[in-house]
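Below: the structure, in structure tokens.
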Amino acid sequence: MFKDFKNKTALITGAASGLGLEFSKKAASLGMHLLLIDVHEDRLKQASKEIESLYKQTGTQINCYAVDVSNSTEMESFSQQMAKHHPAPNLVINNAGISGGGLIWEHSSQDWDRVLGVNLMGVINGVRLFTPQMLKAAKQDPSWRGHIVNTASMAGLLTPPNMGIYNVSKHGVLALTETLFQDLSLVTDQISASVLCPYFVPTSINQSFNDSTPSNTDTGQEHPITQSQLIGKQMLDKAVNSGKVSAAEVASKVFDAVENNQFYIFSHPHALENVKERMLAILDNRQPPDPFAKRPDIGLELKSALRA
């Protein structure tokens, strides 16, 4: 188990805002040294200054890197440089992610590339590049301990309508992390893994919605947003902004889970009732359950909007 955080190194992606920023603050408060990654360099620098001003007394050292986690070449270059200048991270949180909604057949190939690139390939890149470094450190020192946390979503356990592109990406992260846990257990007792499945938490992820309709690299024009995508964004804005569990609370849950070697991390345990209904439908070979059974007003609103 990973019990002592002080003077250990944490590598966190998507660290400039939202959950990533709160993970970074929590790690700094525990005296960890930080390797912070985000595609938005200006936001990352601002986040670094904020963390340093809050936790300077803990002795945390902060290094920031502007890297696109979906870009395998950039990530490989970063991991090589990191290995030269920093010790292997004890804690890796593959957290970078963007939102995306709309009817599943309306997404362009660029939409799929972007959302799967950040949400799934970003995690894959983190796992394939940093796990070997952690295993090497563990082999050299029997007392060395490490942990990997991948951010999925309740959308990795459920299939809510009009957000299929996001569901697919997060189901992939969940399957990846469950397999990572099993694979690590075969080769080492010094490194483990967890998967975070947050529900609606007030963060800036809903502001990343337009990232799911990227510019066309050939024409320089953006794909027009569809009606279903617009409806999805409006509903996501409402749901995220009404979230009662804060990002800071989720960060505390994550570090508690790492300390106790807990695999599944849920921000809203009550949402597991919906997961149970889905699993029972699979076992009973029934059609997928109505995701709005307990809130039919939301289902009727969505259906009416999409059929208008």
> Given the options ILE282, ILE231, ILE12, which has the most mean-square fluctuation in a GNM of the chain, springs set between C-alpha atoms less than 10 angstrom apart?
Replying inline: ILE282
> What angle, in degrees between 0 and 90 and rounded to the nearest 10, separates the Cα long axis of helix 296-307 from the longest principal axis of the Cα atoms of the chain?
Replying inline: 70 degrees
> Which residue, chosen from MET121, MET82, PRO161, occupies the Cα position most advanced towards the positive end of the dipole of region 9-278, where the dipole is computed from +1 (Lys, Arg) and -1 (Asp, Glu) charges on Cβ about the Cα centre?
Replying inline: MET82
> Based on the Cβ-Cβ distance of SER252 and THR58, what FRET efficiency does E = 1/(1 + (r/R0)^6) give at R0 = 22 Å, to the nearest 0.05?
Replying inline: 0.85
> Picking from LEU280, LEU272, LEU116, which is most flexible by a Gaussian network model of the chain using Cα springs under 10 Å?
Replying inline: LEU280
> Put a dot 7 Å past each Cα toward the Cβ at VAL187 and THR226; how far apart are the dots in nm?
Replying inline: 4.0 nm
> How would you rank TYR264, TYR166, going from fewest to most other Cβ atoms within 10 Å of each one's own Cβ?
Replying inline: TYR264, TYR166
> For GLN229, what is the net charge nearby, where nearby means another residue's Cβ is under 11 Å from its Cβ and Lys, Arg count +1, Asp, Glu -1?
Replying inline: -1
> Quick one: Cα centre-to-centre distance for region 76-108 and region 1-53, in angstrom?
Replying inline: 14 Å
>> Restricting everything to alpha-carbon atoms, can you work out Rg to Rh for the chain with a Kirkwood hydrodynamic radius?
In response: 0.97
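Once the Cβ-Cβ distance between THR73 and ASP42 is put in as r, and R0 is 22 Å, what FRET efficiency do you end up with, to the nearest 0.05? Don't skip to the answer; put the middle values down first.
Values: r = 23 Å, r/R0 = 1.03.
Between THR73 and ASP42 the formula returns 0.45.
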> Quick one: helix 227-241 against the long Cα principal axis of the chain, what's the angle to the nearest 10°, folded into 0 to 90?
Replying inline: 50 degrees
>> Exposed loop sites here are trypsin sites (Lys or Arg not before Pro) in DSSP loop states with at most 15 other C-beta atoms within 10 Å. What is the longest stretch of the chain lacking them?
In response: 7-243
> Placing +1 at every Lys and Arg Cβ and -1 at every Asp and Glu Cβ, with all other atoms neutral, what dipole size does the chain have around its Cα centre, in debye to the nearest 20?
Replying inline: 640 debye
> If you line up the long axis of helix 122-140 against the longest principal axis of the chain, both from Cα atoms, how many degrees apart are they, to the nearest 10?
Replying inline: 20 degrees
>> Ignoring everything except DSSP H segments at least 4 long, calculate the 222 nm mean residue ellipticity for the chain; use -39,500 (n - 2.57) per segment, divide by total residues, nearest 500.
In response: -15000 deg cm²/dmol
> For LYS56, which lysines qualify as cross-link partners when the Cα separation must be under 19 Å and same-chain residues fewer than eight apart are set aside?
Replying inline: LYS6, LYS8, LYS25, LYS26, LYS45
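We did not get these values from a lab; they are worked out from the coordinates using the rules stated. For clarity, every value in this text was computed on a predicted model and none was experimentally measured. So basically every Cβ, Gly included, is an ideal-geometry build from the backbone, and we count neighbours across all protein chains shown.
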